[in-house]
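One structure below.
No lab work stands behind these numbers, since they all come straight from the coordinates. The structure presented is a predicted model; accordingly, all values stated were derived computationally and were not measured. Cβ placement follows ideal geometry from the backbone for every residue including glycine, while neighbour counts extend to all protein chains displayed.
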């Protein structure tokens, strides 16, 4: 029993999409590291990388070559297997997430009359899938921290475990808010529900939309371990946190996972709150460029925040999570629900 | 359906092997790692039953939250000491007894519990989240509420134990 031609075509198209997404994701950190260092430089009133290529544009390539040729050190008393495995564990879920992320509305290809969709899979539980899969990246951090057999790494791992558990609650609450506002768990339908002009976006679902967005941004930044919430790699008190013992390619896998997670949170914010690929005004720009533009704005925002705010203390971090974000979320769920019923 | 059958075999075999590792390995951190693998395979089995919601919830709650807390505790154990500990001989009859009861229970569920009457959704028809929600809050509202009370009891119990320890 052989599958018919349509099924084979479907599988091929899917494999091609997976390939394209993977290639884009694995190369995305190259421009992003350059941008991050430039942002850092300009905020601190210096030019940033300037030497390699025009305006230092080839700096990430030089960094990559350096990382490849560094000696790969495994600490003497480390748990060898887990130590090797941890960077992979942190990278794979970060990449997996993009299976469910749609980037533009589907188009019908002329002449052959086939529909081409801009996602690998549209689950009817897409938003849950992304949160669940993204949450798994934490194992890389915990296991890496433990396997290094170092006190600093261990403390960094434990810190981020507690931090991510706490902020995952707030992040999931903001997703609940979006699901209530858009009436669906599928990301494609969530974006479609925000079609129209600027005020149909979830962020302008007044009065709760903007508050949900702020909760999402704070919890998202904590979830991806970025300043002001990067307590797991606090160089002041923990050397470099969970990856203090990592070097060469293993280290760069962790960095890759971190950048991928940042892109994930930015795309999620775009899809859930900023109308996805819907433009604020119809001026003939293809939808996918709206999507990329909005995602880029969010990424840029994360970078500016990183070099603007100081790091929180650990107890402050926990207080913000449990005593501020979660109670506000609970009240907001109630308000959003009432609005859905009575408006 | 051949592909589904092959996938089922793969997931089931990995699940059984990794759960065997969970109970036989000496290092508690490795055990927790294999437990993650087992739970992921169970989530894959839910997907084969065409219930993506259950699969995702399985990953979300068990892999994403419960096991993180689990690891949190395990990491603080002295691994060398923990891996040396063995069941004391006088406790073994109890362990075998519990094992036998669990085995009988499983066999009863498999052969008498009417599992074969359960039908899968037709291929392509996924179980919708709305359906699960409606069923939970109408047909199964009583078990649902009972479960939430049980969880509440566990939570209160944990807090009471923590207070006792401190005082």
*Given the peptides A:314-323, B:142-151, arrange them by the average over their residues of other C-beta atoms within 10 Å, most packed first.*
A:314-323, B:142-151
*Dividing the alpha-carbon Rg of segment A:256-327 by 2.2 N^0.38 Å yields what?*
1.40
_7 Å from Cα along Cα→Cβ at both residue B:164 and residue B:103: what's the point-to-point distance in nm?_
3.4
*Taking the Cα centre of each part, how many Å lie between segment A:160-176 and segment B:1-61?*
24
_Inter-site label distance for residue B:49 and residue A:15 at 7 Å from Cα along Cβ, in nm_ = 3.2
_Rg and Dmax of chain A, Cα atoms only, in Å_ = 21.1, 67
_Can you give me the distance in nm between label points at residue A:169 and residue A:300, each placed 7 Å from the Cα along the Cα-to-Cβ direction?_
3.6
*Mean projection area, nm², convex hull over Cα of chain B*: 13.4
_Sort A:260-273, A:60-73, A:209-222, A:5-18 by the packing proxy (mean of other Cβ within 10 Å over each peptide's residues), most packed first._
A:260-273, A:209-222, A:60-73, A:5-18
*Percent of Cα-Cα distances greater than 18 Å, calculated over segment A:1-69*: 58
